[in-house]
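Scroll down for the structure; my scribbles are underneath it.
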Amino acid sequence: MKISNKAIQDFPYAKRLNLVNSLSGIKQVCLIGTISKDGQTNVSPFNSIVHLGSSPALLGFILRPRKEVRRDTYENIMATGSFTINHVHENSLVNAHYTSAKLERSEFEACNLTPEFLEGCQSPFVGESIVKMEMKFVEAIPIAHNNTTLVIGELVNVYLPPEIISSKGYVNFDQSKNVLVSGLNRYYTASYVMDLPFARPNEVPNF
């Protein structure tokens, strides 16, 4: 089956959105927590978190065009230089999903999530999350082709239970019951398959 880009653009809006959003595969869904200069907390779901480097430890995420709708996450990060990234788990999935609604009050309050302030971090963490990261804003890179923005932050602190870290340093997502997402609203759970060694040229198996 072949579907051209032109054919995709002719799909009904919802079908086109679901197909294109799901083509990049199943991804971690996270909640990004911010706060305004006036003290209004905000939390929103993102499935575009990307690793950009380990030294320094950098993570980024994509913001959709800001001119279309209000982007409180972006405005708060620009105002404070601070944000948090919080993994979503099965026990709070439904609450996390509805933070995507454009609300006139804090999503924490509306969706019954707990704003948690840890060790002087200006932005709120999500109390229900098992894996939480404090981030310091580094750079916002505009992507001219579709008016989106890559927001980059440097990792300040990570909070997570020690028992979910493997001896090699991996986070065991099956133990933390992390939720993954395809597209915007089709959710999956993570399960461990196997570890494979670092791929060296002289160790490639004879397939």
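The values are calculated or read from the model by the stated rules, or taken from the named source; none is laboratory data. Since the model is a prediction, treat every value here as computed from it, not as a measurement. Cβ atoms come from the backbone with ideal geometry, glycine included; neighbour counts cover every protein chain shown.
Details
- Output for the stretch 104-114, where each listed residue is touching a strand residue (DSSP E or B) at 6+ places or on another chain (Cβ under 9 Å), of a type outside the set (S, T, N, Q) and surrounded by fewer than 19 Cβ atoms within 10 Å (Cβ to Cβ): GLU109
- Residue in the stretch 160-171 that is more than 19 Å from GLN28 (Cα to Cα), of a type in the set (A, V, I, L, M) and more than 15 Å from the chain's Cα centre (by Cα) present: no
- Boolean, THR189 is hydroxyl-bearing (Ser, Thr, Tyr) and either farther than 18 Å from ASN91 by Cβ or touching a helix residue (DSSP H, G or I) at 6+ places or on another chain (Cβ under 6 Å) (or both): no
- Filter result for ILE77 (buried (at least 17 other Cβ atoms within 10 Å of the Cβ), assigned to a helix (DSSP H, G or I) and hydrophobic (A, V, I, L, M, F, W, C)): yes
- Cβ-Cβ distances below 9 Å connect the following pairs, each with a first residue in the stretch 185-207 that is more than 30 Å from LEU19 (Cα to Cα), a second residue that is assigned to a loop (DSSP other than H, G, I, E, B), and a separation of six or more residues or different chains: ASP195/SER166; ASP195/LYS168; ASP195/TYR170; GLU203/PRO197.
- Verdict on VAL94 being surrounded by 10 or more Cβ atoms within 10 Å (Cβ to Cβ), farther than 22 Å from CYS121 by Cβ and modelled with pLDDT of 95 or more: yes
- Pairing each residue of the stretch 23-39 that is within 30 Å of LYS2 (Cβ to Cβ) and at pLDDT below 95 with any residue that is small (Gly, Ala, Ser) and assigned to a strand (DSSP E or B), provided the two are 6+ apart or on different chains, yields C-beta distances under 9 Å for SER24/SER182; GLY25/SER182; ILE26/SER182; LYS27/SER182.
- The set of residues in the stretch 34-65 being β-branched (Val, Ile, Thr) and buried (at least 17 other Cβ atoms within 10 Å of the Cβ) consists of THR34, ILE35, THR41, VAL43, ILE49.
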